[in-house]
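Take a look at the structure below.
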Amino acid sequence: MKKRPGDFWGAMKNWLIPESTREIPMPLTNNDMLNELVDCFDGSCKTESVGASLVFNMHFLVILHPDVYEQRLPSFPVVVKEAVKLFYKKLQAYKKNFEELSPVSSHWQFRFGPATDFNGETISPYDIRVVGMLTGIRTGSMGAERRHTAKVTMKSKATNVFDKMDINLDVLRHIHFAESGNFTVKFSNDLTLGGGSLLRQARNSDNGFARIEYFLGDKNKSDVYIMKDTEIVIARREPENQGYNNYLLIDSTYVSNPHARIRLNEATGKFQIAAFSANETRVNEVVIARSEVSMPRWFDLEPQSQILLNGIITLEFKQQ
């Protein structure tokens, strides 16, 4: 018969074992967060890699109890820095068995958020949940996307081992990923934290790095996009693009998939653009030469520039 805590056996245990010697959960530490992140990353190297290509997660959600989140908030930048350093050590060891590294993003991204439950499990002050993914999830405005699932690296409750599994995006709806808990680190090809890569905390959500006002000439519609990432992709709105966190998706057949990329060159502090479309891309009335997605040719963007895609879509780029 199973012994319940409130029955005779539970009472005997409480009487025999002094309260001062009973096991008490230890408070969550910064090293606990670090270890969970590294284990999650390590699991992704094993489950995401394919053939001769070493593939790994570059986006991570770290979910903590609200009390712990507030207490540990000042430590997040250091945890991120130490995590990336250990990620690089793991990659240096793994790459001996692969022909090439295949990073899916130019930046590591970390989002910390508070919650008391996640995926049907209660989160206590002694718990932490780490979710790793290849690409980002639009946690702030999932809308209709909530019905979808994403393939992520997460620890299974049954095995206590990080593995690749599906997660319903609806479980993230109540978690507030505030800007103060968001961090990006530029990926370094030499697998070191140095080399000019900067730890950058996300800017205020109302300002971002740049404001892009765009007009669809074929549909007589306009909209605004706030550039919150140091690099974004401009592409046609397609189902396979919906899960990307740093995509400016334009609902027009005159936009290629992808059409262009805009980045903030952290070495110079200037914005740049690369064009991939076979259709014409102009910046301030100057045609930008097309390049391959795998080998972008970068051109400087002025703080205020007009970008014309295929002669139909107009973007007004304004550095914040």
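Consider A150 carefully, then state whether it is at pLDDT below 85, of a type in the set (A, V, I, L, M, F, W, C) and either buried (at least 16 other Cβ atoms within 10 Å of the Cβ) or farther than 22 Å from L73 by Cα (or both). Walk me through it before giving the result.
Values: at pLDDT below 85: yes; of a type in the set (A, V, I, L, M, F, W, C): yes; either buried (at least 16 other Cβ atoms within 10 Å of the Cβ) or farther than 22 Å from L73 by Cα (or both): yes.
Yes; evaluated as a whole, the condition is true for this residue.
Restricting the first residue to segment 170-193 and requiring it to be part of a strand (DSSP E or B), which pairs with a second residue that is among the charged types (D, E, K, R) meet a Cβ separation below 6 Å and a spacing of at least six or different chains?
Here the result reads N182/R111; T184/R200, each pair linking segment 170-193 to a residue that is among the charged types (D, E, K, R).
Let's see how each residue does on (1) within 28 Å of M58 (Cα to Cα); (2) in contact (Cβ under 8 Å) with a residue 40 or more places away in the chain; (3) touching a Phe, Trp or Tyr at 6+ places or on another chain (Cβ under 7 Å); (4) of a type outside the set (G, A, S):
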residue	(1), (2), (3), (4)
V233	yes, no, yes, yes
E240	yes, no, no, yes
N245	yes, yes, no, yes
V255	yes, yes, no, yes
A275	yes, no, no, no
I288	no, no, yes, yes
I307	no, yes, yes, yes
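Could you tell me how many of the residues in segment 271-316 are among the hydrophobic types (A, V, I, L, M, F, W, C), assigned to a strand (DSSP E or B), modelled with pLDDT of 90 or more and within 30 Å of the chain's Cα centre (by Cα)? Spell out the reasoning first.
Our first condition is that a residue be among the hydrophobic types (A, V, I, L, M, F, W, C); within segment 271-316, this holds for 271, 273-276, 278, 283, 286-289, 293, 295, 298-299, 301, 307-309, 312-313, 315.
Filter once more, so that each one left must be assigned to a strand (DSSP E or B): 271, 273-275, 283, 286-287, 295, 299, 301, 307-309, 313, 315.
Cutting the leftovers down to modelled with pLDDT of 90 or more gives us 271, 273-275, 283, 286-287, 299, 301, 307-309, 313, 315.
Restricting the remaining residues to those that are within 30 Å of the chain's Cα centre (by Cα) gives 271, 273-275, 283, 299, 301, 307-309, 313, 315.
Looking only at that region, the number is 12.
In contact with a His (Cβ under 9 Å, 6 or more places away or on another chain), modelled with pLDDT of 90 or more and not basic (K, R): which single residue out of F110, F76 fits that description? Break it down stepwise before answering.
Details: F76 fails: in contact with a His (Cβ under 9 Å, 6 or more places away or on another chain).
Answer to the selection: F110.
With the requirement that a residue be under 11 Å from F317 (Cα atoms) and part of a strand (DSSP E or B), what does segment 206-225 give you?
Here is the first cut: in segment 206-225, the residues under 11 Å from F317 (Cα atoms) are 209-214, 224-225.
Hits for segment 206-225 are A210, R211, I212, E213, Y214, V224, Y225.
The values are calculated or read from the model by the stated rules, or taken from the named source; none is laboratory data. Remember, predicted model here, so these are calculated numbers, not experimental data. Glycine also receives a Cβ, built like all others from the backbone with ideal geometry; neighbour counts cover every protein chain displayed.
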